[in-house]
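> Okay, handing you the structure first.
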């Protein structure tokens with residue numbers, strides 16, 4: 001399980017500000033989650049291990065404590081009676097930086113990271129492919145990349161676009177695609193990994209999940225859904241590589257970028273795409289997503305390569321011609 005830290009505070013604005021700080025500044029944290037009611041915390045902790053719970057002083061710790069919550073730290077407004085509590089107490093209205101320093105003096109982060117790493121049987125290399133310009137180039141590149149990885153490692157390709165890529169070759173079953181899985185994901189289905197396995201198809205060595213049946217279904221995904229999905233892939237599958245072909249830019253996909261080992265951004269050789277890329281970087285900086293910016297690798301695509309992408313056929317994957325001649329990126333094996 002990979003949830004290191006949770007915050008349970010019914011002051012939503014405070015909890016979300018603290019969450020935002022942790023995501024931006026505490027990059028060693030595998031995952032941070034916010035809860036504002038007891039039921040959601042209980043449901044989550046029944047299935048996942050929480051190593052540190054930051055708990056509002058007005059919420060009785062005795063009602064919260066359970067086996068899957070390993071450590072509790074009290075967030076106090078200054079009036080908490082520490083006698084007999086047995087829990088460390090931190091003043092909640094100090095700076096977020098000071099709060100984190102005090103918290104990790106009680107629970108050193110390196111120790112917790114070691115526990116988390118030992119709980120994994122393997123690590124999954126998450127790769128997101130995104131583009132500022134044409135979608136055809138991105139989809140061809142992502143498929144070629146996934147096919148190349150699949151010859152060497154167990155690889156899953158996931159189409160996250162409102163339009164399904166290359167349906168004439170992959171086929172398109174509206175009843176067995178990403179829309180069905182999103183429904184179960186949002187219902188927090190107890191056998192979520194079985195539902196995902198039920199929509200995975202194969203082409204040669206490559207496993208893939210086809211896109212949504214109805215484009216707007218993608219926008220139903222929120223940050224919590226994305227984190228839950230990534231956790232299932234990491235913990236409950238034996239994939240070595242998962243490649244997300246991302247055609248949408250919203251909060252859930254930003255969380256995907258944040259959790260990816262690499263974000264490959266295709267960029268054409270024209271000023272318009274360059275301007276859009278610069279604006280994209282400005283937006284991420286303004287919204288405090290500097291950690292996503294650090295993960296971006298720009299893949300330059302020439303006009304000639306764009307023409308080859310537009311004429312791409314999935315059958316070309318068998319010969320690797322599209323990949324070997326495609327763009328300025330070297331596969332990391």
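No lab work stands behind these numbers, since they all come straight from the coordinates. This structure is a prediction, so every number in the text was calculated from the model and none was measured. Note: ideal-geometry Cβ built from the backbone for every residue, glycine included; neighbour counts use all protein chains shown.
> Where does each of 249-262, 184-197 land if you order them by average Cβ count within 10 Å, highest first?
Values: 249-262: 18.3, 184-197: 15.1.
In decreasing order of mean packing, 249-262, 184-197 become 249-262, 184-197.
> Efficiency by 1/(1 + (r/R0)^6): what FRET value for residue 98 and residue 194, r their Cβ-Cβ distance, R0 = 41 Å, to the nearest 0.05? Could you put the intermediate results ahead of the total?
Working: r = 45 Å, r/R0 = 1.09.
Once rounded, the FRET efficiency stands at 0.35.
> Continuing with the same structure: Subtracting the Cα-Cα distance from 0.36 nm times the residue separation, let me have the gained length for residue 275 to residue 38 in nm, one decimal. Each step should come with its number before you reach the end.
Values: separation 237, 0.36 × 237 = 85.32 nm, distance 4.62 nm.
Extending this stretch completely gives an extra 80.7 nm.
> Given Cα positions, please report Rg to Rh for segment 121-270, the hydrodynamic radius being the Kirkwood one. Don't jump to the answer; show the numbers that get you there.
Values: Rg = 14.2 Å, Rh = 15.3 Å.
Answer for segment 121-270: 0.92.
> Spin-label point model (7 Å from Cα, Cβ direction): what's the residue 249 to residue 106 distance in nm?
Modelled inter-label distance: 4.1 nm.
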